[in-house]
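Presented below is the structure to which this report refers.
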Ligand SMILES: C[S@@+](CC[C@H](N)C(=O)[O-])C[C@H]1O[C@@H](n2cnc3c(N)ncnc32)[C@H](O)[C@@H]1O
């Protein structure tokens, strides 16, 4: 148990990396912190046992995964429909659903083992704003249209854009969580983004003062036309 300075007793399991992080977690998750704690416990128990998350991630679950993903909410407009492509164990989509009940979130994930885990997590956390959808992003072009697509650690931007842009309404946004190679990936994706007629691209950082380093996002705003499949896109098994 940790007790934040001047606050009420908050049950934050050993997964938080230090006391100051309790304050950050409270700031980021607010009233939803107990739900985030439940999710953290589910990730660090069944998530590790079933191979959805590596055992070494448990010590850095909050900083590297929960808070790092939750701060993406800063870039998402109110009441948006969101698809999280390649959600895996629910990152970032499930975290966004916890921190932003106004969002309508679809967790899109091809692997049955992972969608089973996601279904269980959504039921346990009693999240009414989440749909778990099994499949590959490219299979849902023309069937699913949303305001925002998120993705973390799914594919290079060049390929990811070809999967995400057909799922976006004109003016909708791909928010790709990227690391140090964000600028390089954006440059490499230039020809594909041109072919899709995207309106604009931008690198932005969210979570300043909450995660170190802040989370880097590539924002791609969809244009009016989006081909069903990106030139050169290919099926990928994982
Ligand atoms: C490295 S994991 C990342 C999972 C999660 N986003 C995270 O950050 O922990 C990549 C995920 O993308 C999924 N994936 C791979 N190709 C995909 C596709 N074409 N459409 C949707 N998901 C895909 C995989 O099944 C896997 O769960």
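A compact table of results
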read-out	value
Restricting the range 130-139 to residues that are within 9 Å of the ligand (Cβ to nearest atom) and touching a helix residue (DSSP H, G or I) at 6+ places or on another chain (Cβ under 6 Å), the residue that is nearest to residue 99 (Cα to Cα)	137
All helices (runs of 4 or more DSSP H) inside the range 154-220 with 1 or more residues being modelled with pLDDT of 95 or more, more than 13 Å from the ligand (Cβ to nearest atom) and within 17 Å of the chain's Cα centre (by Cα)	157-164, 182-188
Residue satisfying condition, being within 13 Å of residue 83 (Cβ to Cβ), in contact (Cβ under 8 Å) with a residue 24 or more places away in the chain and surrounded by 21 or more Cβ atoms within 10 Å (Cβ to Cβ), within set 133, 186, 165	165
Residue under evaluation residue 87, criteria (1) within 14 Å of the ligand (Cβ to nearest atom); (2) at positive phi; (3) touching a strand residue (DSSP E or B) at 6+ places or on another chain (Cβ under 9 Å), criterion not met	(2)
Enumeration of residues in the range 93-102 that are outside any helix (DSSP H, G or I) and in contact with a helix residue (DSSP H, G or I) (Cβ under 9 Å, 6 or more places away or on another chain)	100, 101
In the range 103-129, residue nearest to residue 81 (Cα to Cα) [restricted to those that are more than 15 Å from the ligand (Cβ to nearest atom) and in contact with a helix residue (DSSP H, G or I) (Cβ under 7 Å, 6 or more places away or on another chain)]	103
Residue 142 being surrounded by fewer than 16 Cβ atoms within 10 Å (Cβ to Cβ), modelled with pLDDT under 95, more than 14 Å from the ligand (Cβ to nearest atom) and not in a helix (DSSP H, G or I)	yes
Residue within the range 97-110 that is more than 15 Å from the chain's Cα centre (by Cα) and without any contact (Cβ under 8 Å) to a residue 12 or more places away in the chain present	no
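The values are calculated or read from the model by the stated rules, or taken from the named source; none is laboratory data. Nothing here was measured: the structure is a model prediction, and the numbers come from that model. Every residue, glycine among them, receives a Cβ derived from its backbone with ideal geometry; neighbour counts consider all protein chains shown.
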